[in-house]
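One structure, pasted below without further comment.
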Amino acid sequence: MSASTRMKKLLFLGAGGVGGYFGARLIEAGVDVSFLVRPQRAALLADHGLKVVSPHGNMALPVHCVTRDTVLPEYDLVLLAPKAYDLADALDAIAPAMGPETFVLPLLNGLAHIDVLAARFGASHVIGGVAHIAATLGDDGSIRQLNPIQVLTAGGRDAATQQGAADFIALCGPAKFDASLSSDIIATLWEKWVFLAALPAG
């Protein structure tokens, strides 16, 4: 079965620097993406769209938003990019979106969140993810990419989640960022963690 039939509908928690950027690039590529945001952010996006300032080209896109009061379990994949201290609240927010066949892909540093997600939603639903991008949310609500690096890596811990990761990476193919499938996502997560831990000593 092709990726186009396996994975069609994505939900991004939040529309900040990381999730908002990759979500916008996927929308630009024709992927069905919604953003789960707070009501104030939803109103801002409804009025002005999602704006991205990037070395790879600026964008101003209309986007579809839902709130935790309106989100439904109709997504093939939910992507998480919250701050680590917001993880518990993020899990409560996405719980209504998690259907029996929905995968969740976190884009957080470290590894502890993988076990937290598995305990909440089941290990068979959790895909590992790593994002390499420097982006921030401006005062006007726009996303500003700070350098040209933009890499998204995904991988599973068993055959089913690895297939889900492969389907997602295939869906990313037309998007204007680098997407790769990891054959050992735990090692990939460790590599980024070690890299980040070494930065203060540099």
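The values are calculated or read from the model by the stated rules, or taken from the named source; none is laboratory data. If you're wondering where the values come from, they're calculated on a predicted model, not measured in any experiment. So basically every Cβ, Gly included, is an ideal-geometry build from the backbone, and we count neighbours across all protein chains shown. Each accessible area value is taken on the protein alone, full model and side chains, heavy atoms only, with ligands, DNA and RNA left out. Shrake-Rupley method; radii C 1.70, N 1.55, O 1.52, S 1.80 Å.
Between a residue in the range 157-184 that is surrounded by fewer than 16 Cβ atoms within 10 Å (Cβ to Cβ) and any residue that is among the β-branched types (Val, Ile, Thr), which pairs come within a Cβ distance under 6 Å, given they are 6 or more apart or on different chains?
Short answer, once both residue conditions are applied: Asp178/Val151; Ser180/Thr153.
Could you count how many residues in the range 121-140 are buried (at least 17 other Cβ atoms within 10 Å of the Cβ) and either in a helix (DSSP H, G or I) or not aliphatic (A, V, I, L, M) (or both)?
Number of matching residues: 4.
Could you please find all residues in the range 96-111 being free of Cβ contacts under 8 Å to residues at least 40 places away in the same chain and in contact with a strand residue (DSSP E or B) (Cβ under 8 Å, 6 or more places away or on another chain)? Don't jump to the end; show me each part of the working.
First, pick out the residues of the range 96-111 that are free of Cβ contacts under 8 Å to residues at least 40 places away in the same chain: 96, 98-102, 104, 106, 108.
Residues satisfying the conditions are Met98, Thr102, Val104, Pro106, Leu108.
Residues that are open to solvent by less than 60 Å² (accessible area, probe 1.4 Å): list the helices (runs of 4 or more DSSP H) wholly contained in the range 1-60 that include at least 3 such residues. Break it down stepwise before answering.
On the way: elements: 3-6, 17-28, 39-48.
Correct list: 17-28, 39-48.
Taking the conditions exactly as written (in contact (Cβ under 8 Å) with a residue 24 or more places away in the chain, part of a strand (DSSP E or B) and open to solvent by 20 Å² or more (accessible area, probe 1.4 Å)), does Val151 satisfy them or not? Please lay out each step first, then the result.
Numbers: in contact (Cβ under 8 Å) with a residue 24 or more places away in the chain: yes; part of a strand (DSSP E or B): yes; open to solvent by 20 Å² or more (accessible area, probe 1.4 Å): yes.
Yes.
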